[in-house]
Structure formats: structure tokens, C-alpha cells
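Student: I'd like to ask some things about the structure below.
Please treat every number below as a calculation from the coordinates, not as lab data. As the structure is a prediction and not an experimental result, all values here were calculated from the model. Cβ: placed from backbone, ideal geometry, glycine included. Neighbour counts: every protein chain shown.
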Amino acid sequence: MITTLIYSLTGLILFGMGFFTLIIHSHPLRKILAVNVMSTGVFLILVATAYIPLGEGEIDPVPHAMVLTGIVVSVSVTALALILACRIQETSNSSLPGRKQQGEVPEESIR
Amino acid sequence: MSRTGKSHKRLDGFQRLLLLLVICMVMLLGYIIWSTPGSKPVLTDAVAQMQEYSGVESPVTAVLLNFRGYDTLLEVMVLLLAVIGTWSLTEAFFPVQGSEISPVQMGAVRLLAPVMCLVAAYLVWQGSHLAGGAFQGGAILGAAGVLVLVTELPGLRTIPVLSLRIGLVLGPLLFTGTALFCLFITGDLLGYPKGAGGWMILLVETGCAVSIGLTLALLFAGGRPDKESIWKNNP
Amino acid sequence: MTVFQFSSPAWMVCPVILPLIAGLLCFLFSHRTFAIALAAALTNLLVVCLLTGQLLVFGPMRCHMGGWQPPLGITLRTDGPALLMLLMTAVTGLAITLYARGYFSYRISDPRRAGRHQRQQRYFWPLWMLLLAGLNGLFLSNDVFNVYVTLELIGISAASLAALSGKPASLLASFRYLLVSLLGSLTYLFGIVFLYRSNGVLDLGLLQNLAANGLGIRTALVLMSVGLLLKTALFPLHFWLPPAHANALAPVSAILSALVVKGSFYMLFRFWFEIFPSTITQPTLNFMGTLGAVAVLWGAVQAIRQHRLKLMVAYSTVSQLGYLFIAFPLARVDGGIPVWSIVIFIALAHACAKSAMFMAAGTVFLHLGHDRIKDLSGVRASLPITVFAYGIAGVSLMGLPPSGGFVGKWLLLTASLGSSQWWWALVVITGSLLASIYVFRVMSRLFVIPEGFSLKKSEPHFRLLEWPALALALISLFLGLAASWPLHILVHGTTTLAQVFVGGLP
């Protein structure tokens, strides 16, 4: 029981840390990493729930399957977001004035 | 801009407030987790009872590819979507380093890549009774692909684009095909016929492992390949 | 074979599997992708019509994936609301498919950037087909975790589609959209963790029966709602929507505004009013209604202030989404029309009208090369059908009779006055007035023909660009006249009488 709790709380703290970083930083890479830390936190809590206190040595396979799905999704989104961030860097270096036409405030553009 | 300097300085008012809020949120959720101890899930018993009908011995694989196989089918599509998304965004850009790659790295990758493929195959096969399966095998394959790409060995780069696309679609298409085949035979999507569950799951897993490995390696490459030759002509 | 019988529940998998296969094939082949996509969209519409017939004859149905019963396996089910959403997706999806064909052929016919447009078209079809599969999967799903997977499918394909135009602004908007969507689904997944901890099941039907009013359930519901609200873009969380919708290609804007935001809203609504109705309190509903009211007014005011047509239409989406949430506090009205019908009506009318409007805006953009509202005059002469479609869609957005928007807002008004919560009625009326301002502001420009204006020769592909928009606009207009028909499906889908009837069949 206490093991599960420690894992869950660690996951929770990771989630909170990731969320804080996601909001306050404007750099795309930091944002992507922050979301990754958050998802790691959620996965940790999910894995911790798989531990069944009653049966010795038994685990609940359903959360494991869910975490595996979650990891795959997280990998896909991270890859896409990273390449998108690279692309933004490339285009904004070559044609910076393009942003202003769209009615966007550049400072807050990523936030 | 304040982007780089600010992060090391003290937090301003908004950030402090946010920090306070986040800490409160974490403490509240922590209290909730602490005060609601998890009950024994209903699902666990159901999985344990139906395990022998699933065709595999590992409970996680049984959940992934049999009981909740529909989820996994959609999830494989998510991976493919990531590749389509990146291909729609940009071309793969691979600065060729040529002679800068050390011969030790070359030799090591030459040795490692086949071994990794072997490990991946073993993991897929092992998935039926122990921890392992398509995703773990695919991850190892993907790592091998990344090593080959980084070392600039010809392996992945000389594959024609059409074959790459076929390889990417192979797993998802095989999975969907199996699902439909089961629909026609037993009347349920992904309802494997009696006794055939084991080898059908292995077939789907093998196809998916290849596609997942290729997907991960191509995500690392970071974009679509050139018209017919892959990355060969890039500067 | 039993699978092909009319009564077989296995038809339910077709709206998911068919677009999936079409998406794979569209990615695999580089030619004839439009034919594949069109075939999938058409078959999808046919199958959804068949499912509707099934619902009317047999009542709500369930389909167990792999033959595994609920606690273990995943279940799909059809009922009234789900089918109406499916119908909405199928009809709008077909129109968008046709429009996208016209849009890309028109752009490719311009030799200057043909390669780039060809590439956009090349990747548009597989992404759109997989998005369609995800949406259909979401509407049919009856499993909490399966909903998470379909949400991810929708989120990733929608973000990729939004980035397709390749302009810096759209890339930036798409990046933000991707992050918001990921954050939303992560929060949703966190909610699932609490749900699973306290109940141990994932099937929505079982959760509905089990759900006790515990702390775990409430936390789960809060987290899941926040995640879904982020994806639905309710007022304070709407910041990502206007740039993402306005900077995308025209068919993509139509998809995002008409369909994608409805997906997460539909799920939210099911959680609140079908699965955990006992957990919800009236103050919470009032809070949501307030946010919706602010969204209606704020979105409309922002729409009025915009200088670009597409941004205006995008802010109008923020405003129109607010109406869906005003229905929340009116849900407990006794003896009135059930809240499902109000919400579904507004959603259906908005989907048709908004996609028609975005298509019209896209056509105008293609024709003029810009969409600055003050320079729109003279378009009526060269694009009469498009301007007509824009006007009719505007009528539905304003809520004039006999449009579907009118019926939705009328139901809202009667419900709010019937429960003596007149302030909601005030918001609805003010919102409609503001909507008429932003619609007419553009319309007055569109209908003016400046002196000395010469008619350009119209291009060959214009038919596919104009008629789908008009068809959708007309559907949204006549939805109000045929209002009894969707209500009939809704009533059929939610009574248990029909289930008894099915139970008696051999």
C-alpha cells in the first residue's frame, strides 16, 4: 500500500511540475518537454494502480495496456510537435514579417 | 527578449500565484489519492477468467490484442498519423557528415543492428507468454533504424519510397484485415476464431512490430523522403 | 451470412473501419486518392442511414468488439444522439470531401505553386479520412479509455491538418493547438485513472449503474471535464481556436469548426447528463451556463471587431459554442423538451451553417486572393452561388426562422422562460443581435457592386467549390422545417420501450 502511495505521489508531483513549466515558459522545446514530464507523471500513477494489494505477485494487466497505449500516443505527439517546432523556427527565420499580418501578437504567439 | 534571462531570476507575481495554485492542486489531488484507496478492480477477475480463451498466456498481451484489441488498432493508426503529419510538414534533412563518423561507431553499428533485429524478433515472439510484444519489439527495431541512420549506413536510405510506404502501412493494414476477416468468420470484429487466436495475434504483432520500428526510425529522420531516392541527394 | 443482415449490430464498425482503410489506401497510393476518399465518404453516409433505419426499427443497439462482454471488452453502441452526430458528420463530411476536391483542383490549376498544392492535397486525404474515422469512433464509443484513443486520433490529425497550409501563422497556431489538445487528453487520462481506481471498470454503461457519489468519481469528472472543455474551447480556454481555424486551408477550417469541436463537446455532455447525472449540482450547471453566456457575447464582439473574413467566422464559432453551454443550467427543467434535443439541434445547425460559411469564405479568398472584409465588394457578380450560400448560412447563425439555428435558439428561449431563468433568454437574444451585426457587416460588402466593375470569366472547377457550400447552407435552413424528424430519432433512441421490443425477437 505504502509503495503504491509513494509512486502515486511522485507521479502527482511530476504532473504538477510539468504543468507549471508548461504555463510559465514560452520556448517550444520546454513546452514539449513539460508535457512529456506531465504524461510521465500520469503514467506512473496509472502503473501504481495496477498493483493489487490483495493477491501476492499479481498485477492488473489493464492499466499496463493503457499505459502502453498512452506511451505510444505520447511518442507520436512528441515527434510531431518537435518537427512542428523546427518548422516554425525555419519559417520564422526566413520570413518574420509574416506573423504580423495574421493579427497575432508575436510576444504571446506561443503562449 | 526576456526568454532566456528570466528563468533564472526570481518569479514575478503571476508566476508565484500560479506556483501556489499548482502546489494546492497537487496537495488536493494527493489527499484524494491518499483517502481513496484503490479497490480491487472488477476487470482483473474477468481477465483472469477469460485468459485461457484469449490464445496467449501473457495477460497484458491478451488485454492489448484480444480483449481490448480495438483500442490497439486505433493506436497503431495514431503512430501512422504521426508519420503522415511529419511528412506533410517538411522534407527530411540529413546533413551528411561523411568522414566524421568514427570507424568504431561504424563497426559497432554494423554488429549491433542485426543483433537488435534478432532481439526485436525474440521480444515479439516472447509477447505471447511473458512481457514483450509488438511495441517493445518495434521500439528495438526503431532504435536499430536510428543507429543505421545516424551512422549513414546505406540500409534504410536506399529503400525506395513506395516500399517505405508499404512498410509503414503493412502493420495497420494487416491488423485491419485480420479484424475484418474475424468479422466475416465469427461475426465479431477482432473476435478470433476458436484455437486460431494465438497465431493470428502473432501475425498481427509481427506486422505491427515492423511498421512501428519503421515509423519510429522515420520519425527520427524528421520528414518525408525525396521523390525517389531517400536523403541521398541532400547536402 | 449473419453479418450482412439488416438487424446485425456489426454494421456499427463500418463508420470506423471504412474511413480507416480509406486513409491507409490514400497514404499508400499517390493517384486516385480522391476516388478512394469519395467512395469512403459515400459508403459512410449509406451505412449511417442504414444504422438510422436500424435504430428506428430495433431501438438502441450494442456491438461487443471481439465478442467480449462489457467489463472485459470494448462496446460500441448506437442511440439517438450518437446517430444524429454520425449523420451530421457523414453529411458535412461528404460535402467537405467534394469541396476539398474543388479547392485543390482549383489551386493546382494555378501553375505557380502547383507542386506545393499537389503535396497539400496528397496529405490532406489520408489525414482527413483518419480524422473521420476518429470522429465516428468517438460518437459510437461506449468505453472511457477508447474515447481517449479516439480523442488522440482526432487531435493529432486535426493539428496536422491545421498545419497543412505551411504558412508561419498556421504552423504556430497548429503547434499551440497540438499542445492544447495533448494537455486536454492528458487531463482526461488523469481523470480515467481516478475513475479506474474507484470503480475498476471502463465501460460507460457499467459506470452509469455503478457510479456512487464518491470523492474519486467527482475528482475524475472534474479532470475529465477540464480536459474536454479545453478541446471544446469554452470561453476562457478558447484562446487557441481562432488562429488555428482561421489560418488553416478552407476545407480544413470547415472540418475543424464544424466537426472536431463537436466531438469533445458530445463526450462532455454524455458524461454530465447520461453517465454521472447524480454527481452534478445546479451551481455547477449555472457556472457552465455563465461561461457559455460570456463566450456567446465575447465571441460575437470579437467577431465584429475582426478585419479578416476567416477570423470573423472563427470567432463566430467561439460565440456559437457558447449556446451549447447555455443549455446546461436549463437541463433540469421539468416537463419541457429534453436538453438533448436543444443541444443536438444547435450542434447540427451550427455544423452545417459554419462549414458552409467557411467554404464560402474559402472560395471568396481563392477568388480575390485575400479576405479583408472592407475590400470584398463586387464578389456577388462573379460568385453568386457562394454569396447566396454565405447569406443563408448567416441566417441560420443569426437564428432567423425557419432555420435550424432558429429552432435551437427558440427551444433555449422557451426553456429559460419556462423555468423563470430569464437572464439566459436575454443572453440568447443579445447574442443573436450581435450575430446579425457581424453577418450583415460582411453581407453588405458582398452585395455591393462598385461602379465600373467588369465581370471576370469564371474558372472551370468552380462548380465543386460553390455547390457543396450551398447544399449545406440549405440543409441548415430547412433543418428548422424538418425539426420533427431529428426529434423523432432522438426520442426513438432514448426510450427503453424499443429495447423491450428487440428482446422479443428471435
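Student: Please give the charge dipole size of the protein assembly as shown, origin at the Cα centre, charges +1 on K and R Cβ atoms and -1 on D and E Cβ atoms. Round to the nearest 20 debye.
Tutor: With Lys and Arg at +1 and Asp and Glu at -1, about 2620 debye.
Student: Based on the alpha-carbon gyration tensor of region A:2-96 and its eigenvalue square roots a ≥ b ≥ c, which shape applies: rounded if a/c is under 1.5, prolate if not and a/b is larger than b/c, or oblate? Before the final figure, lay out each step's value.
Tutor: Numbers: a/c = 6.90, a/b = 2.28, b/c = 3.02.
Verdict is oblate for region A:2-96.
Student: Would you mind estimating how fast region B:56-221 diffuses translationally, via Stokes-Einstein at 4 °C and 1.567 mPa s with the Kirkwood radius over Cα pairs, in µm²/s? If you can, show how the numbers build up before the last one.
Tutor: On the way: Rh = 16.8 Å.
The calculation lands on 77 µm²/s.
Student: With θ set to phi - 60° and the Karplus curve 6.51 cos²θ - 1.76 cosθ + 1.60, what are the ³J(HN,Hα) couplings of region C:80-88 in order, to the nearest whole Hz, using x for Gly and Pro?
Tutor: Once rounded to whole Hz, the list reads x, x, 4, 5, 5, 5, 4, 4, 4.
Student: Excluding same-chain pairs closer than 8 in sequence, count the lysine pairs in chain C whose Cα atoms lie under 21 Å apart.
Tutor: 11
Student: Something else about it: I'd like the distance separating the alpha-carbon centroids of region C:263-340 and region C:1-79, in whole Å.
Tutor: 30
Student: Apply the Karplus curve 6.51 cos²θ - 1.76 cosθ + 1.60, θ = phi - 60°, to the phi angles in region C:3-20 and return the couplings in whole Hz, x for Gly and Pro.
Tutor: 5, 8, 5, 4, 8, 6, x, 5, 4, 4, 6, 4, x, 8, 6, 4, x, 4
Student: A follow-up question, please. If we sort A:76-85, B:53-62, C:116-125 on the protection proxy, mean other Cβ atoms within 10 Å, highest first, what's the order? Walk me through the intermediate numbers first.
Tutor: Numbers: A:76-85: 23.2, B:53-62: 21.4, C:116-125: 19.4.
Top to bottom by mean Cβ count within 10 Å: A:76-85, B:53-62, C:116-125.
Student: Which semi-axis lengths, in whole Å and largest first, follow from the square roots of five times the eigenvalues of the Cα gyration tensor of chain C? Each step should come with its number before you reach the end.
Tutor: Values: eigenvalues 248, 143, 91 Å².
In descending order, the three semi-axes are 35, 27, 21 Å.
Student: Another question about this same structure. Where does helix C:309-326 land angle-wise versus the long Cα axis of chain C, in degrees 0 to 90, nearest 10?
Tutor: Helix C:309-326 sits at roughly 20 degrees to that axis.
Student: Dividing the alpha-carbon Rg of region C:12-116 by 2.2 N^0.38 Å yields what?
Tutor: On the way: Rg = 17.4 Å, N = 105, 2.2 N^0.38 = 12.9 Å.
My calculation over the Cα atoms of region C:12-116 gives 1.35.
Student: What does the helix-only formula give at 222 nm for chain C: each DSSP H stretch with n ≥ 4 adding -39500 (n - 2.57), the total divided by the residues, and the result rounded to the nearest 500 deg cm²/dmol? Walk me through the numbers before you get to the answer.
Tutor: Working: 21 runs with 363 residues, N = 506.
Mean residue ellipticity, 222 nm, calculated: -24000 deg cm²/dmol.
Student: How large is the convex hull of the Cα atoms of region C:281-506 per residue, expressed in Å³ as a whole number? Walk me through the intermediate numbers first.
Tutor: Numbers: hull volume 30.0 nm³, N = 226.
Convex hull of Cα atoms, per residue: 133 Å³.
Student: Let me know the mean shielding of C:218-229 by other chains, meaning the per-residue number of their Cβ atoms within 10 Å of its Cβ. Present the calculation step by step, with values, prior to reporting the outcome.
Tutor: On the way: counts 1, 5, 1, 0, 0, 1, 0, 0, 0, 0, 0, 0.
Taking the mean over all residues of the peptide, I get 1.
Student: In whole angstrom, how long is each semi-axis of the equivalent ellipsoid of region C:330-409, when you take the square root of 5 times every eigenvalue of its Cα gyration tensor and sort them from largest down?
Tutor: 33, 11, 9
Student: Sorting check: for C:466-474, B:193-201, which peptide has the highest mean count of neighbouring beta carbons within 10 Å, and how do the rest follow? Walk me through the numbers on the way to the answer.
Tutor: Working: C:466-474: 24.1, B:193-201: 14.9.
Packing order, densest peptide first, comes out as C:466-474, B:193-201.
Student: Considering the options C:Leu464, C:Ala254, C:Leu207, tell which one lies farthest towards the positive end of the dipole of chain C, charges being +1 on Lys and Arg and -1 on Asp and Glu at the Cβ, about the Cα centre.
Tutor: Among C:Leu464, C:Ala254, C:Leu207, the one farthest towards the positive end of the dipole of chain C is C:Leu464.
Student: Continuing with the same structure: If one computes P(r) from the Cα atoms of the protein assembly as shown, what percent of pairs lie at distances over 36 Å? Mind showing how you got there, number by number?
Tutor: Values: 164193 of 362526 pairs.
That fraction is 45 percent.
Student: Could you order the peptides B:73-85, C:423-435 from most to least packed, using the average number of other C-beta atoms within 10 Å per residue?
Tutor: On the way: B:73-85: 26.1, C:423-435: 18.8.
Packing order, densest peptide first, comes out as B:73-85, C:423-435.
Student: How crowded by other chains is A:28-41, given as the mean number of beta carbons from other chains within 10 Å of each beta carbon?
Tutor: Mean partner shielding for this stretch: 3.
Student: From the backbone phi of region B:171-181, what are the Karplus-calculated ³J(HN,Hα) couplings (6.51 cos²θ - 1.76 cosθ + 1.60, θ = phi - 60°) in whole Hz, Gly and Pro given as x?
Tutor: Result, rounded to whole Hz: x, x, 5, 4, 4, 4, x, 4, 4, 5, 4.
Student: Here's something else I'd like to know. For B:191-202, what's the mean count of beta carbons from other chains sitting within 10 Å of each residue's beta carbon?
Tutor: On the way: counts 7, 2, 0, 0, 0, 0, 1, 0, 0, 0, 0, 0.
Averaged over the peptide's residues, the number is 1.
Student: Which part of region C:143-175 falls in the paramagnetic zone of C:Arg116, meaning amide N under 16 Å from the point 7 Å along Cα-to-beta-carbon?
Tutor: Inside the label zone: C:163-172.
Student: For region B:179-223, what mean projected area does the convex hull of the alpha carbons give, in nm²? Walk me through the numbers on the way to the answer.
Tutor: On the way: hull surface 14.6 nm².
Computing the convex hull of the Cα atoms and averaging its projections yields 3.6 nm².
Student: Determine the distance separating the Cα centre of region C:166-245 from the Cα centre of region C:89-111; give it in Å without decimals.
Tutor: Their Cα centres are 31 Å away from one another.
Student: Among DSSP bridges having both ends in the protein assembly as shown, what percentage is antiparallel? Round to the nearest 5.
Tutor: Numbers: 8 of 9 bridges.
Rounded to the nearest five, the antiparallel share is 90 percent.
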